[in-house]
Amino acid sequence: MSTKKDEAKKSDKKIERVRIMGSLERAVDEIDRLLAGSTDEVEIDFSTCTFIAVEGLEWLEELLLRADSVKRTVRFVNVPPTIYKVFKISHIESLMKAAGGVSSTKLGPAC
Amino acid sequence: MTAISKEQEQILTERAHSLTRQARLSAAVFSQYSQAQVDRIVKAMTTCAIDNAARLARMAHEETRMGVTEDKVLKNLVASEFLYAQIKDKRTVGVIKELPELNMVEVAEPIGVILGLAPVTNPTSTVIFKSICCAKTRNSIIFSPHLMAAESSNLAAKLIYEAALEAGAPKGFITWVDKSSRLRRLSEILFAHPEVDLIFATGGTQMVRAAYSSGKPALGVGAGNTPVYVHKTANVPSAAMEIIISKTFDNGTECPSEQTLIIDREIVDELISEFRRCGCYICDEAEVEKIADAVIDARTGGMNYRLVGQPANLILEQAGIKVDRHIKMILCPLKGELRLHRLAVEKLMPVLGYVAVDSVEEGINRALDINYGGGTGHTAGIFCEDDGVIERYADAINAGRIIVNSPSSIGGLGGVYNHLNTTLSFGCGTGGGNITTDNVGIKNLLNYKRVPRRKNYVISFQTTKNIYSNPGSIEHLKSLKCKNAFVISSRSASRRGHLSMVKESLPEGCHVDVFSDIGTEPDFPTIQRAVQAMRLSKPDAIIALGGGSVLDAAKIIRLFYDYPELNVQELAVNFLDFHHRMVEFPKDMRTQLVAIPTTSGTGSEVTPFAVLKDGFRKVSMIDECMIPDVAIIDAQFTKSLPREITSDTAFDALTHALESLVSTFSSDYTDGLALEALRLIFEALPETLKNPGSILHRHKLHNAATLAGMAIGNASVGVNHALAHALGARFDIPHGRANGVFLLSTIEYNAQIPSKFVSIPCYPLWVADRKYARAAQFIGLKEEAQAVDSRPQVENPHFAMEGSRGQYDGMVLALRRAVYDLGRLAGQPLSVSELGIDPADYQAALPELVETAFSDMSVRSNPRYCLAPEILQLFQAAYAPRVRP
C-alpha cells in the first residue's frame with residue numbers, strides 16, 4: 001500500500017486528503033500523523049484502493065474513534081462499490097458514517 | 001445444570017460479541033475475494049485436513065469414546081478429499097450459472113456469518129466439512145462444538161484455519177467456542193446473536209430444535225430411522241456384506257445407517273445365515289428383550305445415549321448376553337406389531353432389527369412404519385435388482401436419500417458409492433422439520449442472485465393464407481377443391497342474391513347444402529344446430545357468407561364439427577397473455593373454411609377471433625386455428641348494403657384500425673395495415689355514402705376492413721371494444737355502432753399519460769399519443785394549433801394526469817375532429833344518448849357495464865391500464881351528445 005497526499009484549505013479549516021493506493025492491510029502512519037498534528041479534517045480517498053483486509057477495517061474503526069475523541073473529522077471519499085460493500089457488510093456504524101452512507105445495522109429485514 | 005451469575009452471563013455475552021465481530025469483519029473482507037483466491041484457500045485447507053485425518057480421528061475417539069478410529073479417519077477423508085473432488089471446479093464467486101435459454105444468470109452472494117454446530121458423533125469430520133464449505137462460499141463460521149468433543153472439534157477448526165490463513169484467508173473467518181462448563185450457554189447466546197446470519201446445525205435433536213427456535217435462518221437436520229428393504233431379487237451375500245459395512249461403520253454413529261431390515265420371506269433364512277457366517281449375532285426372542293432393555297431408554301423410548309457408537313460385544317455384555325467371540329453386529333427379529341416394537345427406533349450403534357414380509361406391498365408398508373416412526377425425510381435403503389420395485393419404493397418412502405444396493409451410511413455421505421453431494425449434514429425436508437432434503441453443502445451456503453434479462457418477445461404474424469381481392473373475385477370459387485360444400489349464411493343472403501352468386505361460382509358438380517339460420521347475435525344452440533346439419537351433409541368445405549356474425553359463427557361451427565369433443569366454456573377461458581394462456585386449441589383443422597364477407601367491417605375473414613353471445617355477455621374464442629383458409633374480398637357483395645349498415649360497419653373497421661395501431665401488441669407489421677386501413681376509410685366512406693353504387697369506393701372500403709382485420713388479428717383491440725361489447729350486449733346495439741359512440745372518448749383517454757402504465761414485456765414504452773399523431777399525419781391532417789395555444793383542452797379531466805399535456809396534443813385533437821366530422825357526415829351516433837338509450841336505464845346499467853367491460857379481454861391490450869373507476873368515467877363521458885372537440 002502507498003498513499004498520495006493533497007492539501008486543501010476551505011475557509012479556516014485545514015483539510016488534508018490522503019489517497020489509499022492498492023490494499024489497505026494495516027495502519028497508515030501518514031494518516032495517524034495527520035490526525036495527531038494540526039489538521040482539522042482528513043479525507044481518505046479510496047478511489048485507488050483495491051482491497052481492505054480485516055486489519056485495515058480494524059484500523060479504520062480505531063482511527064475514527066481517535067478522531068472523535070480529539071474532535072477532528074475523518075471522511076472517506078471516492079469509495080468504490082467493492083469497498084463500500086465491505087463497509088456495509090462489516091456493520092460498523094462509524095465506517096458507514098465516515099463514508100457518508102446509511103447505517104446497515106439499523107435496517108432490519110423487510111419485505 | 002449450575003446457575004450462571006449475572007457477571008458470568010456478561011462475560012459470555014462479551015465473548016459472543018467478540019466472536020461474532022471477528023466473524024463479521026472477516027465476512028466483509030471475504031466479499032472481495034476472487035474465485036481463484038477462494039480455490040487456493042480451499043485447496044490448502046483440504047491438504048491440511050488430509051494430512052491430519054488420522055490425528056484428528058484418534059483424538060476424537062479418545063475424547064468421545066465413541067465409534068471406531070479407523071472409520072473416523074475415513075470420515076475425515078470423505079469430508080476433505082471427497083468433498084474437494086466434488087467442489088473444486090464449482091463456481092461460487094460472481095456469475096456461477098448461465099442460463100442462456102432463459103436469458104438469465106445466477107450470481108453468488110455469501111451468506112455472511114454462520115454458526116456451525118459440530119456433533120459428538122462426528123466432531124472432526126463435521127468441522128472439516130463445514131470449514132471447507134464456508135471457505136468455498138466466502139462465509140465466516142463460528143463453531144459451537146459438543147461439550148464431550150470440544151477438544152477434538154476445536155483442534156480440527158484451528159488446524160484448518162491456520163492452513164487457510166497461510167493461503168490468504170481473511171483473519172478470523174473460522175472461530176470457535178472454547179471448551180468450558182459455559183459452552184452450552186455461550187452457544188445459546190450465539191443462536192440469538194444479531195450478527196449471526198445462519199445456523200448450520202448438525203447435532204442432537206435438542207440442539208437442532210434450539211437452532212430452529214432461534215428465529216434465524218437455519219439449516220438443521222432431522223432424526224433418522226432408516227428402513228432398508230431387501231427384496232428377493234437382491235444379491236444376498238453382497239447385501240449382507242454391504243449392510244454389515246454400513247451398520248458397523250464407526251460403530252453405527254452415522255445417522256443414515258440401517259435401523260430395521262425388511263426382508264422378503266423367500267430370502268430371509270439365506271440372508272440371516274449370511275449375517276451369522278460373517279460374524280453377526282442373531283438374537284432369539286428372549287435375547288431381543290434383553291437387547292431392548294439395554295439399548296432403549298425406558299423413560300424416553302429412544303436410544304440409550306451411553307451406548308451410542310459402542311462395539312457390539314460391549315452392548316451384548318450390557319444386555320447380559322455372554323458371547324466369547326468378536327461380534328460385528330447384533331440382529332434382532334422384531335416380532336409382533338412393528339410400529340410398537342421398542343427396537344423400531346433409531347439406534348446409533350451396531351444393533352439392527354429385522355422383519356420378514358410376504359410381498360412388495362407389505363415390504364413397502366413395513367418400511368413406511370419405520371420411515372414414519374421417527375425418521376421421516378431422512379434416509380432409506382433398498383437392495384433389489386428390479387427397477388420397478390425400486391421405483392415403487394422410492395415413490396412411497398419419504399426420505400431425502402434412498403440408497404440403492406449400497407451401504408446406507410457411507411452411501412448417504414455421498415461421493416463414495418454414488419454421486420450424491422458429499423455431506424455430514426442430511427437434510428430431511430419438512431418430514432424432519434427441515435427446509436431442505438439436500439445433502440447439505442456449498443449449494444446451501446450461498447444466496448443466489450438471479451439476474452433475468454428481459455424476455456425476448458417474439459412477434460408473430462398470422463392471417464388467412466389465400467386472400468382474393470377485387471370485384472369479381474368470387475370467381476375463384478370455381479377453382480376450389482371441393483365436392484360437397486356447406487354454406488353458412490343469414491336469411492338475407494338468399495334475398496340479396498348472394499347465395500345464388502356463390503352457388504353459381506362453385507365447381508361444377510359440387511353438392512351444396514345451406515344453413516341460413518345465423519342471426520345477428522348467434523348463440524351456442526344455433527352453433528350446435530348447424531354442426532348437427534353438417535354431420536348429415538359431411539362437407540369437405542364450409543363457405544361462410546355474410547357479415548361478421550355469420551363469419552364468426554362459421555369459425556366456431558367448423559371447430560366443433562372437426563373436434564366435437566371440445567368444450568365451449570373451456571375454450572372461452574379468459575387470458576392475460578396469448579403465449580401463456582391455459583386453453584389449448586387443436587393444431588390443425590380438417591375442413592377448409594372459405595370466408596366471403598358481405599359487409600366491410602369486422603375483418604373476421606382474416607382474424608383468429610370469433611364472438612358468441614352468451615346471455616347478456618359476449619364470449620370470445622381466439623386461436624390461430626380459427627383463421628379461415630380462404631378469404632374472398634369481393635365488393636359486389638356490399639353493393640346493396642344500406643347506408644346505415646355501411647356506416648356502422650365502416651366505424652367498426654375504423655375502430656379496429658385505431659385500436660390496433662395503439663395496442664400494446666402492435667408491431668411494424670400491424671401499424672402499416674392499420675394506417676392504410678384508416679386512410680382508405682377516411683377516403684372511401686364519404687365517397688361511398690355519396691355514391692353507394694360506386695364499386696370502386698365499396699372495394700376500397702372492403703379492403704380497408706380486411707386490412708384492419710389483419711391488424712387486429714395480430715395486435716388485438718383495446719378498451720373501446722370492451723365498452724362496446726358491454727353496451728352492445730346489454731342494449732342490443734350493433735357492434736360497429738356501439739364502437740362509434742365511444743371512439744372520441746377512448747382516443748382522448750388513451751392519448752393522455754396513463755394514471756397506470758401497462759406492464760407487458762412487448763410494450764416497453766407508452767407511445768399511444770405519438771401513434772395517434774402519426775395516424776393523423778398519415779391521413780393528411782394538420783396539427784390543430786388551438787390545442788397547443790390554449791392548454792386546458794382535455795374534455796374529461798378525469799382522463800388526464802395533472803400537467804400531462806404533451807407535444808402530440810395538436811395532432812391528437814386533429815384526429816378526434818376528423819373522426820367527429822366523419823361520424824357526423826355519415827350520420828353515425830357518436831354518443832350513447834344518440835342511440836336513444838334512456839339516461840335512467842343507462843345509469844342503472846352502469847355497474848354491470850363496468851364489470852363486463854373490465855373483464856373483457858380487449859382491455860388487456862389497451863395502451864393505458866384501465867382502472868375500474870376510469871372505465872366508469874369512460875361510460876359516463878360517452879353519454880352526453882357530442883360537440884366537435
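Consider the range B:838-855. How many of its residues are polar (S, T, N, Q), within 39 Å of the chain's Cα centre (by Cα) and surrounded by fewer than 18 Cβ atoms within 10 Å (Cβ to Cβ)?
Kept after step one, since they are polar (S, T, N, Q), are these residues of the range B:838-855: B:843, B:852, B:855.
Subsequent filtering for residues that are within 39 Å of the chain's Cα centre (by Cα) retains B:852, B:855.
Of the ones still in play, those that are also surrounded by fewer than 18 Cβ atoms within 10 Å (Cβ to Cβ) are B:855.
Of the residues in the range B:838-855, 1 are polar (S, T, N, Q), within 39 Å of the chain's Cα centre (by Cα) and surrounded by fewer than 18 Cβ atoms within 10 Å (Cβ to Cβ).
Tell me whether the range A:42-52 contains one or more residues that are among the hydrophobic types (A, V, I, L, M, F, W, C), within 10 Å of chain B (Cβ to nearest Cβ) and open to solvent by 10 Å² or more (accessible area, probe 1.4 Å).
Taking the range A:42-52 first, the residues among the hydrophobic types (A, V, I, L, M, F, W, C) are A:42, A:44, A:46, A:49, A:51-52.
If we keep only those that are within 10 Å of chain B (Cβ to nearest Cβ) too, we end up with A:51-52.
Pick out the ones that are also open to solvent by 10 Å² or more (accessible area, probe 1.4 Å) and you get A:51.
Scanning the range A:42-52 turns up at least one residue that is among the hydrophobic types (A, V, I, L, M, F, W, C), within 10 Å of chain B (Cβ to nearest Cβ) and open to solvent by 10 Å² or more (accessible area, probe 1.4 Å).
Do we find a residue being in contact (Cβ under 8 Å) with a residue 12 or more places away in the chain, part of a helix (DSSP H, G or I), closer than 20 Å to B:Lys171 by Cβ and away from every other protein chain (no Cβ under 11 Å) anywhere in the range A:31-41?
Looking through the range A:31-41, none of the residues is in contact (Cβ under 8 Å) with a residue 12 or more places away in the chain, part of a helix (DSSP H, G or I), closer than 20 Å to B:Lys171 by Cβ and away from every other protein chain (no Cβ under 11 Å).
Can you give me the number of residues within the range B:507-558 that are farther than 19 Å from B:Asp629 by Cβ and outside any strand (DSSP E or B)?
21
Hey, can you tell me all the residues within the range B:608-659 that are small (Gly, Ala, Ser) and open to solvent by less than 10 Å² (accessible area, probe 1.4 Å)?
B:Ala610, B:Ala631, B:Ala635, B:Ser647, B:Ala650, B:Ala653, B:Ala657
Report, by residue number, each residue of the range B:726-758 that is open to solvent by 10 Å² or more (accessible area, probe 1.4 Å) and within 16 Å of B:Tyr842 (Cβ to Cβ).
Across the range B:726-758, the qualifying residues are B:Arg730, B:Phe731, B:Asp732, B:Ile733, B:Arg737.
In this structure, is B:Tyr212 within 14 Å of chain A (Cβ to nearest Cβ), open to solvent by 10 Å² or more (accessible area, probe 1.4 Å) and hydroxyl-bearing (Ser, Thr, Tyr)? It would help to see each step written out before you state the result.
Working: within 14 Å of chain A (Cβ to nearest Cβ): no; open to solvent by 10 Å² or more (accessible area, probe 1.4 Å): yes; hydroxyl-bearing (Ser, Thr, Tyr): yes.
Taking the combined requirement at face value, the residue does not satisfy it.
From (1) under 24 Å from B:Glu362 (Cβ atoms); (2) buried (at least 23 other Cβ atoms within 10 Å of the Cβ), pick out the condition that doesn't hold for B:Asp250.
Among (1) under 24 Å from B:Glu362 (Cβ atoms); (2) buried (at least 23 other Cβ atoms within 10 Å of the Cβ), the lone unmet condition for B:Asp250 is (1).
Can we say A:Ala67 is farther than 18 Å from A:Asn78 by Cα, open to solvent by 30 Å² or more (accessible area, probe 1.4 Å), away from every other protein chain (no Cβ under 14 Å) and small (Gly, Ala, Ser)? It would help to see each step written out before you state the result.
Details: farther than 18 Å from A:Asn78 by Cα: yes; open to solvent by 30 Å² or more (accessible area, probe 1.4 Å): no; away from every other protein chain (no Cβ under 14 Å): yes; small (Gly, Ala, Ser): yes.
In short, no.
Could you tell me whether B:Ser144 is touching a residue at least 40 places away in the same chain (Cβ under 8 Å), surrounded by 24 or more Cβ atoms within 10 Å (Cβ to Cβ), more than 14 Å from every other protein chain (Cβ to nearest Cβ) and in a helix (DSSP H, G or I)?
In short, no.
Is the range B:117-127 home to any residue that is more than 24 Å from B:Ile189 (Cα to Cα), away from chain A (no Cβ under 14 Å) and buried (at least 24 other Cβ atoms within 10 Å of the Cβ)?
yes
Only residues that are in contact (Cβ under 8 Å) with a residue 24 or more places away in the chain, more than 12 Å from the chain's Cα centre (by Cα) and more than 14 Å from chain B (Cβ to nearest Cβ): list them for the range A:70-95, please.
A:Val70, A:Arg72
Find the residue count for the range A:53-64, including only residues that are of a type in the set (A, V, I, L, M), within 14 Å of chain B (Cβ to nearest Cβ) and touching a residue at least 24 places away in the same chain (Cβ under 8 Å).
Result for the range A:53-64: 3.
The values are calculated or read from the model by the stated rules, or taken from the named source; none is laboratory data. Quick caveat, the model's predicted, so the values are computed rather than measured. Neighbour counts are summed over all protein chains in view; Cβ atoms, including those assigned to glycine, are modelled from backbone coordinates with ideal geometry. Side chains are part of the model used for accessible areas, which takes the heavy atoms of the whole protein and leaves out ligands, DNA and RNA. Shrake-Rupley method; radii C 1.70, N 1.55, O 1.52, S 1.80 Å.
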